[in-house]
Amino acid sequence: MSQNLPPNLERGIAYLKNELKTLPNQPGVYRMLNDKGAVLYVGKARNLVRRVTNYTQPNRLSNRILRMVSETEKLEVIVTKSEIEALLLESNLIKKMQPRYNILLRDDKSLPQILLTADHAFGQLTKHRGRKTRKGDYFGPFASAGSVNRTVTDLARAFMLRTCSDSIFSSRTRPCLQYQIKRCSGPCVGLVSQADYAKQMSQARRFLNGDSADIQREYAQRMHAAADILDFETAAIWRNRIRALTGIQANQDINIPNVLDADIIAIARSGERSCIQIFFIRGGSNYGNRSYFLTHLADTPADEIISAFIGQFYEDKEPPADIFLSDLPQDTDLLTEALSRTAGRRLRLQCPERGARRKVTAMAVKNAEEALARHLANASSQKRLLGELAAALGLPHPPERIEIYDNSHIQGKHAVGGMVVAGPEGFQKAAYRRFNIKDEGKFATQKGDDFAMMRQVMHRRFSRALKEDPDRISGNWPDLLLIDGGLGQLSSVHDVLDELSVPDLQVVAISKGPDRHAGREQFHIRGRPSFTLPPDSAAMHFLQRLRDEAHRYAIGTHRNKRAKAEFTNPLDAVPGIGPKRKKALLAHFGSARAVAAAGLTDLQAVDGISKKFAQQIYDWFYSGGQ
């Protein structure tokens, strides 16, 4: 064999040839593992024997696959009933295991949707992420949380629907601000009947399903009728609701006749990087677009890339009736059948050749090309910054993964630790982590002890990393730790790393300079004198940006935790209390704080509160029950 071939290729081929003796001539999924048990590749096959045989013929394999075969120490197979089942299982395993040699869709967090609930007499209008576990109607997906929030606000204004949670709804005794600003009809206090509210919910469903013209026509008629009888206040209300509907439909630059629900998927490529651009059309409206960036070999065909994307993207998402593509994927018929089975209805994958559908697909291609160009420019700039950072800090090579840590609290209350991650492609927000600081058990710390908090965060982060990936092969180990703090924080971090026997991690602490002046930061590395960098250097600005992002994230998580604690109704924690009892207590005392301060006799005087339950409430607040 050629000297350029991987050294263990013959051994890998010999192993696979031996495995062929016991493989069935049936469809299924195969996994290739290395000597450490890590999954290298997951693939599907119509016939397992024929597919695996291909890996024993090196003259037909790319360099990437040759390397994979040379690393293969074990082959595992799962036999399926059909090739469609194999395809579905393959997509599931790729997303779960993230094999190194597969084309991976890494940025695949759940997309937000709008939910109109159906498990309450007065349904809620809300934003939703994740699995559809709650009864109701789901609309989406939307490309961003911001677009969902704006749409929910406009829908509430147009249809006067409540957006509050069921617990807040059950505890209201008077209308809230949403009612005062004409965004809710006040069902919590009986200002609208259940039948009229159900009509409002029905109109919202019709609008989101694409029946917008009839609803706007109806609203216009009501506005004109009110104006004709000189009821200008009512006419203004209907005018504002029409404006809210118009706001939802604004900027709809994509219009495909006779198509209500569709995804438009386009690909742009440059070397080893691709951008997949996807537009979401629901109810005839554009719900936004999103870019996904994939890494692969330069000679990987576009149909293979799109096939990998579609399989992984729709693995946990419901596909629409139509999917328009710039390039048809591999095994188009098989993918169509698999997605139709997942959706429970027939759908189409097609590459439009003319008309409006071709026009919007071409527009998606242009968006993909522009997004890829920006991404590559940012990556090039980031790579240069990492090189300058390595030179400034004396690192042996530019870091591939930087973890930046900061803690946030107010006098020790609601303390959290924040970890943000940066690398060659910028901030990796999917890798950010929050650590709720524990003040009991093995992590007991005095409130406000920043050094102890940092030790706790480090211990939790790296004890788990050692447990899950002791050989550091996952790519989730940092090359550089950047700590927001001074010598005390630096010492705390090294104490933990020495204790866990991982002293080789490079740690840099960054503290504000004299008068806490930005641009005069001090940097601290164990075994070296503290130093600073020129205030106008690119490395200094980069380090400031990393530190500021960690600071922003830690403060944001702290504020969310504090707000959640402060706005939680204390009555919710009382065992055995339900909506009716809670409402009775609030109606009698006026607030949860007054209930907590009430005497036993006062509690017994509330309608619906028995002596036994009054004693239970009293004990909860006064005898340490909480």
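The values are calculated or read from the model by the stated rules, or taken from the named source; none is laboratory data. As the structure is a prediction and not an experimental result, all values here were calculated from the model. Positions of Cβ are backbone-derived with ideal geometry, glycine not excepted, and every protein chain shown enters the neighbour counts.
Mind checking which residues of segment 348-370 are aliphatic (A, V, I, L, M) and surrounded by fewer than 20 Cβ atoms within 10 Å (Cβ to Cβ)?
We begin by selecting, within segment 348-370, every residue aliphatic (A, V, I, L, M); these are 349, 356, 360, 362-365, 368.
Of everything in segment 348-370, those that are aliphatic (A, V, I, L, M) and surrounded by fewer than 20 Cβ atoms within 10 Å (Cβ to Cβ) turn out to be A356, A362, M363, V365.
Go through segment 195-241 and count every residue that is touching a Phe, Trp or Tyr at 6+ places or on another chain (Cβ under 7 Å), within 20 Å of S165 (Cα to Cα) and not small (G, A, S).
Step one: of segment 195-241, the residues touching a Phe, Trp or Tyr at 6+ places or on another chain (Cβ under 7 Å) are 197, 200, 203-204, 208, 215, 219, 222-223, 226, 238, 241.
With the extra rule that they be within 20 Å of S165 (Cα to Cα), the set shrinks to 197, 200, 204.
From what is left, the residues that are not small (G, A, S) are 197, 200.
Summing the residues that are touching a Phe, Trp or Tyr at 6+ places or on another chain (Cβ under 7 Å), within 20 Å of S165 (Cα to Cα) and not small (G, A, S) in segment 195-241 gives 2.
Does K612 fit the bill of being over 24 Å from V189 (Cα atoms) and of a type outside the set (S, T, Y)? Quick ask: steps written out before the conclusion?
Values: over 24 Å from V189 (Cα atoms): yes; of a type outside the set (S, T, Y): yes.
So K612 fits the description; yes.
Please go through segment 306-335 and pick out each residue that is modelled with pLDDT of 90 or more, more than 26 Å from the chain's Cα centre (by Cα) and surrounded by fewer than 20 Cβ atoms within 10 Å (Cβ to Cβ).
Of everything in segment 306-335, those that are modelled with pLDDT of 90 or more, more than 26 Å from the chain's Cα centre (by Cα) and surrounded by fewer than 20 Cβ atoms within 10 Å (Cβ to Cβ) turn out to be D327, L328, T332, D333, L334.
Search segment 267-288 for residues being more than 26 Å from D333 (Cα to Cα) and under 20 Å from the mean Cα position of the chain (by Cα), and hand back the single one that is surrounded by the most Cβ atoms within 10 Å (Cβ to Cβ).
Y287
Has segment 120-143 got any residue that is β-branched (V, I, T), assigned to a strand (DSSP E or B) and under 18 Å from the mean Cα position of the chain (by Cα)?
Scanning segment 120-143, I find at least one residue that is β-branched (V, I, T), assigned to a strand (DSSP E or B) and under 18 Å from the mean Cα position of the chain (by Cα), so the answer is yes.
Only one residue in L116, L40, L105, L87 is touching a residue at least 40 places away in the same chain (Cβ under 8 Å), assigned to a helix (DSSP H, G or I) and surrounded by 20 or more Cβ atoms within 10 Å (Cβ to Cβ). Which one? Outline the logic, then answer.
Details: L116 fails: assigned to a helix (DSSP H, G or I); L40 fails: assigned to a helix (DSSP H, G or I); L105 fails: assigned to a helix (DSSP H, G or I).
Only one candidate qualifies: L87.
Considering (1) over 17 Å from I103 (Cβ atoms); (2) among the hydroxyl-bearing types (S, T, Y); (3) in contact with a Pro (Cβ under 9 Å, 6 or more places away or on another chain), say which one S307 fails and leave the rest.
Answer for S307: the failing condition is (1).
Only one of N367, N407 is within 30 Å of L505 (Cα to Cα) and either in a strand (DSSP E or B) or under 26 Å from the mean Cα position of the chain (by Cα) (or both). Can you tell me which? Show your work before the answer.
On the way: N367 fails: within 30 Å of L505 (Cα to Cα).
Checking each option against the conditions leaves just N407.
Out of all the residues in segment 1-37, which are part of a helix (DSSP H, G or I) and without any contact (Cβ under 8 Å) to a residue 24 or more places away in the chain?
Step one: of segment 1-37, the residues part of a helix (DSSP H, G or I) are 9-20.
Hits for segment 1-37 are E10, A14, N18.
Of all residues being modelled with pLDDT of 90 or more and under 40 Å from the mean Cα position of the chain (by Cα) in segment 1-12, which is nearest to L89 (Cα to Cα)? Just the residue, please.
G12
Which residues, taken from segment 176-219, are within 28 Å of L571 (Cβ to Cβ) and surrounded by 16 or more Cβ atoms within 10 Å (Cβ to Cβ)?
C176, Q178, Y179, R183, C184, S185, G186, P187, C188, V192, Y197, listed by residue number.
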